[in-house]
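Trainee: Below you'll find the structure I mean.
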Amino acid sequence: MGFVMLKTKRALITGVTGQDGSLLSSFLLEKGHEVHGLRLYSDVNNTDRIVKILDRDRFHLHYADLTDGGNICRLLSEIQPDEIYNLAAQSHVKVSFEVPEHTADVNGLGVLRILEAIRTLNMTDKVRFYQASSSEMFGSSAPPQNEDTPFHPCSPYGAAKLYAYWITRTYRESYGLHASNGILFNHESPVRGEEFVTRKITRAVAAIEAGMQDILQIGNLDSRRDWGHARDYVEGMWLMLQQDKPDDYVLAAGEAHSVRDFVTAAFTCMGVMLTWQGHGLKEKGIDQRTGRILVAVDPQFFRPNEVNVLRGDARKAHEKLGWKPRVSFAALVQEMLDADRAVLRGMETDDGFLLAAE
Ligand code: NAP
Ligand code: F7E
């Protein structure tokens, strides 16, 4: 009886130093892949999230910027990947109002540069491509949002991601490229960037508990998001590229919670019950037991335009990919808070999240 030798799959991940890039790298290494991560050059250390896998023998890092098409083309030609996961982006929605042209260049044209490299290198038939599309493309369209919901982005970030979504579809439909869009709703983890609202909240609540911070200053408390755990979502990315046919899929938990709900849940995890008093900019979160003001609204965290409610309908991914999120909202808040508490105590958990979060 002969043995069938299975070829090791080679994945290329852009944005490897980000939340999703680091989690997807670990996931694919566990699956036996060889992983090539593209990393932005920086004179400050940006490899904290991947420090635990830096010395794995199937993990390789390369410098690349999505604004530099020539370099992307060279790297694709040298690496010859089987799967490309394009996760690199200027990913902060509020910042996109301040740097709209840069956001369009990286998040929009950057995708075109990868697709053109695939086409001109004649790799269209051998490579599979994943594009990190976003629920921000739905913008002001009413929830629940699914693959058939009209797009109506409300930020330069959402508009750039919409271009990227369509150019990915265009290369699929024009050249037969196995290219899929994952339209992902907000997903978080202990290695979420500190500038996003969930991590900002859990870090602040942990610091308040430790006596290192007095108050959490926050923006729009009414905004509602569909928050899931990033670990579940990176598995969904991989599943999309394992299908015979490329397609577009929403990944979402299916529940919307307000920013106020997230703050309340985080304080509840540390045994503090909040009462909310006042409205708009005057709203305050007050410790029921002591009467101390723990949360205040600061207009500097508002955006020129807001996406009020995002709540996804991921039935297509459930049915076609067999994908379902495993981590509940309450468990997500608890895990993120516990991680930030442990960071402050100088501890580290088994999965290395805490070292990375410091
Ligand atoms: P993230 O933590 O902000 O990671 C973004 C990555 O892109 C970082 O590694 C960053 O490098 C890199 N990058 C930024 N500009 C670049 C450029 N010009 N060239 C090459 N790399 C560049 O984002 P994430 O949360 O992991 O999200 C991953 C992707 O999914 C992004 O495309 C995001 O827009 C999209 N997305 C995220 C969510 C979510 O809820 N997390 C939902 C939907 C879609 P540095 O670390 O050096 O800055
Ligand atoms: O804001 C409100 C804010 O910055 C969530 C990115 O991964 O998900 C992310 O984009 C909500 C917004 O994420 C603060 O106004 C209130 O309504 O955590 P965020 P985001 O804008 O939803 C999508 C799907 C992506 O694709 C993006 O890449 O929270 N909010 N107060 C605040 N937001 C922040 N950042 N800071 C505050 O103080």
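The values are calculated or read from the model by the stated rules, or taken from the named source; none is laboratory data. Bear in mind that the values here come from a model prediction, so they are computed numbers and not experimental data. Because the Cβ atoms are built from the backbone with ideal geometry, glycine has one as well, and the counts that use them run over all protein chains shown. In case anyone asks, the SASA skips ligands and DNA or RNA and just uses the protein heavy atoms, side chains included. Shrake-Rupley method; radii C 1.70, N 1.55, O 1.52, S 1.80 Å.
Trainee: Stretched out fully, how many nm does the piece from Arg58 to Leu281 gain, at 0.36 nm a residue minus the Cα gap?
Mentor: 75.2 nm
Trainee: Give the lysines whose C-alpha is closer than 16 Å to that of Lys31, dropping any in the same chain fewer than 8 places away, or say none.
Mentor: By straight Cα distance, Lys31 reaches Lys7, Lys9.
Trainee: Which value in nm describes the separation of the simple spin-label points at Lys7 and Ser258, placed 7 Å from the Cα toward the beta carbon?
Mentor: Rounded to a tenth, the inter-label distance reads 5.4 nm.
Trainee: If I model a spin label at Val51 and Gln213 as a point 7 Å from the Cα along the Cα→Cβ vector, what separation in nanometres do I get?
Mentor: Computed distance between label sites Val51 and Gln213 equals 2.0 nm.
Trainee: Taking R0 as 25 Å, what's the FRET efficiency between Gln242 and Ser328 from their Cβ-Cβ distance, rounded to 0.05?
Mentor: My answer for the efficiency is 0.45.
Trainee: If the only charges are +1 at each Lys and Arg Cβ and -1 at each Asp and Glu Cβ, what is the size of the charge dipole of the range 49-92 around the Cα centre, to the nearest 20 debye?
Mentor: Dipole of the range 49-92, to the nearest 20 debye: 200 debye.
Trainee: Then there's this: Please compute one quarter of the surface area of the Cα convex hull for the range 114-247 and express it in square nanometres.
Mentor: Mean projected area for the range 114-247: 10.1 nm², to one decimal.
Trainee: Based on DSSP, what percent of beta bridges with both residues in the range 135-276 are antiparallel, to the nearest 5?
Mentor: Antiparallel bridges: around 25 percent, rounded to the nearest 5.
Trainee: Could you state the orientation-averaged shadow area of the convex hull built on the Cα atoms of the range 83-148, in nm² to one decimal?
Mentor: Approximately 5.7 nm², given one-decimal rounding.
Trainee: Dipole of the range 23-110, Cα-centred, from +1 at each Lys and Arg C-beta and -1 at each Asp and Glu C-beta, to the nearest 20 debye?
Mentor: For this selection, approximately 260 debye.
Trainee: How much accessible area per residue does the chain have, counting only protein heavy atoms and a probe of 1.4 Å, in square angstrom?
Mentor: Accessible surface, normalised per residue, equals 45 Å².
Trainee: What FRET efficiency comes out for Arg345 versus Ser42 if R0 is 45 angstrom and r is the Cβ-Cβ distance? Round to the nearest 0.05.
Mentor: 0.95
Trainee: Same structure, new question: Kindly provide the helix-only [θ] at 222 nm of the chain, computed as the sum of -39,500 (n - 2.57) over DSSP H runs of four or more divided by all residues, to the nearest 500 deg cm²/dmol?
Mentor: Helices in the chain give a 222 nm mean residue ellipticity of -10000 deg cm²/dmol.
Trainee: Pull up the DSSP beta bridges for the chain and report the antiparallel fraction as a percent, rounded to 5.
Mentor: Roughly 20 percent of the DSSP beta bridges within the chain come out antiparallel.
Trainee: Separate question: Just name one of Phe185, Ala206, Ile167: the one whose Cα is farthest towards the positive end of the charge dipole of the range 117-222 (beta-carbon charges, Lys/Arg +1, Asp/Glu -1).
Mentor: Ile167
Trainee: Enumerate the amide H contacts of Gly312 below 5 Å, restricted to partners 5 or more residues apart or on another chain; note that Pro and chain-start residues carry no placed amide H.
Mentor: Gln145, Ala253, Gly254, Glu255
Trainee: Share of Cα-Cα pairs in the chain beyond 34 Å, in percent?
Mentor: Summing the P(r) tail past 34 Å for the chain gives 26 percent.
Trainee: First compute the accessible area of the chain with a 1.4 Å probe, then give the percent of it belonging to carbon and sulfur atoms.
Mentor: Carbon-and-sulfur percentage of accessible area, whole number: 50.
Trainee: What ranking do 79-85, 272-278, 93-99, 247-253 get when scored by the average of other Cβ atoms within 10 Å per residue, highest first?
Mentor: With the highest mean Cβ count within 10 Å placed first, the list reads 247-253, 79-85, 93-99, 272-278.
Trainee: Another question, if that's okay. Check the straight Cα-Cα distances from Lys126 and name the aspartates and glutamates below 14 Å, setting aside those fewer than 8 residues away within the same chain.
Mentor: Within the straight-line cut-off, Lys126 pairs with Asp82, Glu83, Asp244.
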